[in-house]
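**Student:** Next up is a structure, given as structure tokens.
The values are calculated or read from the model by the stated rules, or taken from the named source; none is laboratory data. Remember, predicted model here, so these are calculated numbers, not experimental data. Every residue, glycine as well, gets a Cβ built from its backbone with ideal geometry; the counts of neighbours run over all protein chains shown. Side chains are part of the model used for accessible areas, which takes the heavy atoms of the whole protein and leaves out ligands, DNA and RNA. Shrake-Rupley method; radii C 1.70, N 1.55, O 1.52, S 1.80 Å.
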Amino acid sequence: MAKFVLIGSGLAGGLLAAYLGRRGHEVNLYERGADPREGNMVGGRSINLAISTRGIHALEQIGIANEALQHAIPMRGRMIHDKSGELHFAPYDVDPKNCINSIGRASLNITVIQAAQRHPNVRVHFNHKCLDVDLNEAVCHLETRTGTSAARGDAVIGVDGAFSAVRKSMQLKINNFQYDENYLAHGYRELTIPPGSNGSWRMEKNALHIWPRKSFMMIALPNPDGSFTCTLFWEFEGPRSFATTNTDDDVQRFFEEEFPDAVPLMPTLLEDFRINPTGSLVTIRCAPWYYRDKVCLLGDAAHAVVPFYGQGMNAAFEDCVVLDECLETFSDNGERAFDHYFRRRKENVDALADLAIGNFIEMRDKTASKTFRAKKKVDHALEAALPGIYLPLYTMVTFTRLPYATAAKRARVQDLLVYTSAVIVFLILVLAMVWFVAR
Ligand SMILES: Cc1cc2nc3c(=O)[nH]c(=O)nc-3n(C[C@H](O)[C@H](O)[C@H](O)COP(=O)(O)OP(=O)(O)OC[C@H]3O[C@@H](n4cnc5c(N)ncnc54)[C@H](O)[C@@H]3O)c2cc1C
């Protein structure tokens with residue numbers, strides 16, 4: 001059995017510790033923040049997030065899916081709010097059982113940490129910040145509340161998110177380490193729709209709400225207490241942007257113009273807007289994700305993606321399943337295990353990064369159009385008519401475990417076939433009309 005030092009007990013860190021603990025490995029998990037059970041999760045990240053098939057599968061493999069999902073709220077489709085306040089519901093899939101689930105980040109984080117701690121060979125150390133990693137020795141240098149310390153393992157796994165300190169050490173110390181970060185011109189800020197009377201939901205509970213406004217949008221996901229967490233995705237800079245909308249009057253005017261049906265549901269809008277931080281949206285690609293059998297990266301530390309496909313955490317959970325399989329298959333060779341894990345995941349999360357950016361344009365711009373709604377209906381009709389043969393891209397990404405790159409390629413082929421068939425049908429109709437008129 002190996003000794004693993006894990007850095008970061010976020011969503012993927014907790015789950016990975018549970019996977020490694022189950023195999024009997026000795027795991028020391030170091031987290032810079034406080035224990036989330038103390039109830040002071042750092043703000044600025046999404047309070048709730050959508051978990052779907054890939055993430056649920058990873059939880060099922062270690063028997064904690066029911067525990068994690070007990071308070072999750074199924075969202076069966078998109079509820080589009082246009083400017084006049086009119087609503088259009090578009091189901092995610094023909095099969096109503098296929099839904100995404102709104103889940104609280106804090107409660108999910110606690111569930112995975114507790115699952116890890118059920119194994120006596122897993123120890124979690126909060127308030128330990130990784131400063132640097134000695135890659136050759138697999139030693140982490142940590143800052144604690146009282147000073148500094150070091151943690152040594154057979155291998156260090158960086159599960160410390162998009163701004164990973166473990167990855168930073170690799171960047172600095174590995175020749176030709178490839179690194180690319182790409183920020184969107186948009187940031188996000190979270191706002192709240194509080195519960196109605198008796199903890200009821202003031203909008204449709206089982207939907208992901210979208211206010212698409214072409215270059216920007218707001219979305220809202222339901223919480224178990226009857227509230228919704230809204231997220232405004234908006235340009236940082238520009239004539240109308242976070243930068244130029246500063247006074248309460250500006251904010252009120254902007255929301256009344258753009259989201260008039262939401263304003264009466266947001267009594268703390270001005271306060272939320274003033275107080276809550278603005279997050280940035282980054283895509284991170286790097287390679288390789290490992291150094292010999294000593295260091296490895298997983299989750300956002302290896303591949304942060306923008307949140308518009310609701311897959312960042314799902315992909316990070318899928319990483320845990322794959323790394324666990326590779327460590328089992330190559331139990332006598334850590335470097336081969338890390339290499340196989342990297343090769344199985346890299347192409348797929350690169351494909352996901354592109355899909356996620358593409359879906360931002362779809363959500364903020366296209367979901368409002370009749371053409372988009374018609375395309376979704378055609379997609380669902382084809383899926384129903386050709387079960388198992390035609391699968392819409394969203395279905396493949398969200399409701400199957402097909403590798404992301406395979407899903408993206410298959411969708412391109414399907415689209416080509418559908419458009420070619422449409423053109424052929426159109427040409428046949430034109431020829432038939434010409435023949436009919438000429439006759
Ligand atoms: C607005 C928004 C909405 C999102 N919505 C969804 C969604 O609906 N569905 C979905 O699947 N994904 C979503 N995501 C993506 C998801 O949040 C991430 O992919 C997921 O949190 C990645 O998990 P992780 O464990 O790799 O990283 P994190 O959750 O970021 O955890 C990293 C952990 O490492 C700790 N850490 C960092 N640095 C150090 C250090 N130096 N030393 C010690 N500890 C450290 C951090 O404190 C943290 O606990 C969303 C992201 C955003 C920003």
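**Student:** Tally up the residues in the range 311-352 that are touching a helix residue (DSSP H, G or I) at 6+ places or on another chain (Cβ under 7 Å) and either among the small types (Gly, Ala, Ser) or within 11 Å of the ligand (Cβ to nearest atom) (or both), please.
**Tutor:** Looking only at that region, the number is 14.
**Student:** Let me ask something else. Looking only at the range 397-417, count every residue that is open to solvent by 20 Å² or more (accessible area, probe 1.4 Å) and in contact with an Asp or Glu (Cβ under 7 Å, 6 or more places away or on another chain) and tell me the total.
**Tutor:** 1
**Student:** Of all residues in the range 65-84, how many are within 16 Å of the ligand (Cβ to nearest atom), part of a helix (DSSP H, G or I) and in contact (Cβ under 8 Å) with a residue 12 or more places away in the chain?
**Tutor:** 2
**Student:** If you don't mind, there's one more thing I want to ask. Give the range 71-95 a look and list any residue that's farther than 21 Å from ASP261 by Cα and either touching a helix residue (DSSP H, G or I) at 6+ places or on another chain (Cβ under 9 Å) or charged (D, E, K, R) (or both), or say none. Before you say what the answer is, go through the steps one by one.
**Tutor:** First, the residues of the range 71-95 that are farther than 21 Å from ASP261 by Cα: 71-74, 76, 91-95.
Passing the criteria: HIS71, ALA72, ARG76, PRO91, TYR92, ASP93, VAL94, ASP95.
**Student:** OK, next. Could you check, for the range 235-257, whether at least one of its residues is β-branched (Val, Ile, Thr), part of a loop (DSSP other than H, G, I, E, B) and open to solvent by 50 Å² or more (accessible area, probe 1.4 Å)? Spell out how you get there, then give the answer.
**Tutor:** If we filter the range 235-257 for residues that are β-branched (Val, Ile, Thr), which is where we start, we get 244-245, 247, 251.
Of the ones still in play, those that are also part of a loop (DSSP other than H, G, I, E, B) are 244-245, 247.
After this cut, where a residue has to be open to solvent by 50 Å² or more (accessible area, probe 1.4 Å) as well, the list is 244, 247.
Checked the range 235-257: at least one residue is β-branched (Val, Ile, Thr), part of a loop (DSSP other than H, G, I, E, B) and open to solvent by 50 Å² or more (accessible area, probe 1.4 Å).
**Student:** Considering each residue of the range 178-205, count those that are open to solvent by 30 Å² or more (accessible area, probe 1.4 Å) and in a loop (DSSP other than H, G, I, E, B), and give that number.
**Tutor:** 7
**Student:** For the range 214-221, state whether one or more residues are open to solvent by 10 Å² or more (accessible area, probe 1.4 Å) and free of Cβ contacts under 8 Å to residues at least 60 places away in the same chain.
**Tutor:** no
**Student:** State whether the residues of the range 347-367 include one that is farther than 29 Å from MET217 by Cβ and either without any contact (Cβ under 8 Å) to a residue 24 or more places away in the chain or open to solvent by 50 Å² or more (accessible area, probe 1.4 Å) (or both).
**Tutor:** Within the range 347-367, one or more residues are farther than 29 Å from MET217 by Cβ and either without any contact (Cβ under 8 Å) to a residue 24 or more places away in the chain or open to solvent by 50 Å² or more (accessible area, probe 1.4 Å) (or both).
This table checks each residue for (1) under 28 Å from LYS214 (Cα atoms); (2) within 12 Å of the ligand (Cβ to nearest atom).
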| position | (1), (2) |
| --- | --- |
| ILE51 | yes, yes |
| ARG54 | no, yes |
| GLY63 | no, no |
| GLU86 | yes, no |
| TYR92 | yes, no |
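**Student:** Somewhere in the range 141-148, is a residue assigned to a strand (DSSP E or B), crowded, with 17+ Cβ neighbours inside 10 Å and out of contact with any Cys (no Cβ under 8 Å at 6 or more places or on another chain)?
**Tutor:** So in the range 141-148, the residues assigned to a strand (DSSP E or B) come out as 141-143, 148.
Adding the requirement that they be crowded, with 17+ Cβ neighbours inside 10 Å leaves 142.
Subsequent filtering for residues that are out of contact with any Cys (no Cβ under 8 Å at 6 or more places or on another chain) retains none.
Within the range 141-148, none of the residues are assigned to a strand (DSSP E or B), crowded, with 17+ Cβ neighbours inside 10 Å and out of contact with any Cys (no Cβ under 8 Å at 6 or more places or on another chain).
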